[in-house]
Amino acid sequence: MSLSIGIVGLPNVGKSTLFNALLKQQAALAANYPFATIEPNVGIVPVPDDRLEKLAEIAGTNVIKPATVEFVDIAGLVKGAASGEGLGNKFLANIREANAIVHVLRAFEDDDIIREGSKNPTEDLAIIRTELQLADLATMERQKAPKGKITTEDSLRWEVVQLFRERLDGGENIRNSKVADLSEDEARIAQEFGLITAKRELFVLNVSEETLLSESIGVLTKKYSEELDVPMDSVIVMCNKIESELSSLGDEDAALYLGELGLTESGLGRLIKSAYSVLGLQSYLTVGEIEVRAWTVRKGALAPEAAGVIHTDFEKKFIKAKVTSYEDFIANDGWKGVKENGKLRLEGRDYVMQEGDIVEFMIGG
């Protein structure tokens, strides 16, 4: 499963600084993992996972492949983007392909950096959302009522189109604060149309170094969650300048620097974890002498679907899964120990994957 997040923001909010930090991480990743495809506006970064190194020690391998997240720098967002201003259509095409949207919002003061269309985080978000809503509304307004022999699917589609138009006309996202979640039919039709405001959102508040160090992350997160009227688990408070500095350091130096700042984790790490949470994703792990690897799968996925993440044929040819927990694998020193101590289970097609499962799939010919 490829997780793609589109980064959007008005000019001079710190979007480029954040993305440049991502690109530095991507360069380090690409040196070790040649499967990462690099483009000028794409950053592919690892999902932080301390479990992998411990598993690699037990397996006797130096090859570690973390799950990855693809960040897409969406250029050209200015007021009027929905009607073609800035990069207009290119911006909209890029963002439609993302799984989720990260809004980068300026929450710092700097007289040397002009606010271009930016006043404060709340108004910045309102401008961005308006452009996205106008783009989706234009898509919905092009749809015509079904004629002739109308199928049940035609009727359902038209009903959903009208519902979406009503929400957008009212200045709301399709996935809005009044709707806990989209129905299965709504989500499917929104995806077919490539509707942007049906995507889940994350909110990066780019604060000054002084602000980040003067208040706890928890206090700042609650503050901006209330100001923006969005869930706390979708808010990530960070200083993009600090993230840029961290990205140029090695792991040990970065940890020391974070410690000096009184922080336990980078903003980028928190962003990736929030993306997993908001999108309902989890990781399972495979451990062998060749490599240790983390794989991304949706929460609630059954074992055959998880096998299909490795290779599409594995889902069809799935027989059984050998499963143990990360904790049992570590406590029993690997595969041999979990087998001998009764900590290895054989699971069938109806097994629901759990976060941190260590799995070996049995696949038919």
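Please go through the range 236-261 and give me each residue that is aliphatic (A, V, I, L, M), modelled with pLDDT under 90 and open to solvent by less than 40 Å² (accessible area, probe 1.4 Å), ordered by number. Once the filter is applied, which keeps residues that are aliphatic (A, V, I, L, M), modelled with pLDDT under 90 and open to solvent by less than 40 Å² (accessible area, probe 1.4 Å), the range 236-261 yields Leu246, Ala254, Leu261. Checked against (1) open to solvent by less than 50 Å² (accessible area, probe 1.4 Å); (2) touching a Ser or Thr at 6+ places or on another chain (Cβ under 7 Å); (3) assigned to a helix (DSSP H, G or I); (4) of a type outside the set (Lys, Arg), Asp233 meets all criteria but (1). Taking the criterion of being over 30 Å from Asp333 (Cβ atoms), of a type in the set (Val, Ile, Thr), at pLDDT below 85 and not in a strand (DSSP E or B), would at least one residue in the range 69-80 satisfy it? Yes - at least one qualifying residue is present in the range 69-80.
Residue count for the range 284-333 satisfying the condition of being free of Cβ contacts under 8 Å to residues at least 60 places away in the same chain and assigned to a loop (DSSP other than H, G, I, E, B): 7. More than 23 Å from the chain's Cα centre (by Cα) and open to solvent by 70 Å² or more (accessible area, probe 1.4 Å): does that describe Glu209? Considered against the rule, which asks whether it is more than 23 Å from the chain's Cα centre (by Cα) and open to solvent by 70 Å² or more (accessible area, probe 1.4 Å), Glu209 comes out as no. Of the residues in the range 196-212, at least one is assigned to a helix (DSSP H, G or I), farther than 21 Å from Ile5 by Cα and not acidic (Asp, Glu). Quick check: is even one residue across the range 262-274 more than 30 Å from Glu215 (Cβ to Cβ) and open to solvent by less than 80 Å² (accessible area, probe 1.4 Å)? No, there is no match, as no residue in the range 262-274 is more than 30 Å from Glu215 (Cβ to Cβ) and open to solvent by less than 80 Å² (accessible area, probe 1.4 Å). Take Ala187 and decide whether it is closer than 30 Å to Met232 by Cα, in contact (Cβ under 8 Å) with a residue 24 or more places away in the chain and of a type in the set (Gly, Ala, Ser). It is false that Ala187 is closer than 30 Å to Met232 by Cα, in contact (Cβ under 8 Å) with a residue 24 or more places away in the chain and of a type in the set (Gly, Ala, Ser). So, of the residues in the range 343-361 that are closer than 10 Å to Ser325 by Cβ and part of a strand (DSSP E or B), which turns out to be most open to solvent (accessible area, probe 1.4 Å)? Top of the filtered list is Arg345. The set of residues in the range 131-172 being modelled with pLDDT under 90 and touching a Gly at 6+ places or on another chain (Cβ under 8 Å) consists of Glu131 alone.
From the list Lys54, Lys15, Lys90, the lone residue that is at pLDDT 85 or above and among the charged types (D, E, K, R) is Lys54. Against the criterion of being open to solvent by 40 Å² or more (accessible area, probe 1.4 Å), farther than 26 Å from Thr139 by Cα and either assigned to a strand (DSSP E or B) or not polar (S, T, N, Q) (or both), Gly171 does not qualify.
Taking the range 272-296 as the range and being closer than 27 Å to Leu18 by Cβ and touching an Asp or Glu at 6+ places or on another chain (Cβ under 9 Å) as the test, the residues that pass are Lys273, Ser274, Ser277, Val278, Gln282, Ser283, Ala294. Taking the range 275-288 as the range and being touching a helix residue (DSSP H, G or I) at 6+ places or on another chain (Cβ under 6 Å) and modelled with pLDDT under 95 as the test, the residues that pass are Ser277, Val278.
The values are calculated or read from the model by the stated rules, or taken from the named source; none is laboratory data. These numbers come from a predicted model, not from an experiment. Using ideal geometry, Cβ is built from the backbone for each residue, glycine included, and neighbour counts are taken over all protein chains shown. In case anyone asks, the SASA skips ligands and DNA or RNA and just uses the protein heavy atoms, side chains included. Shrake-Rupley method; radii C 1.70, N 1.55, O 1.52, S 1.80 Å.
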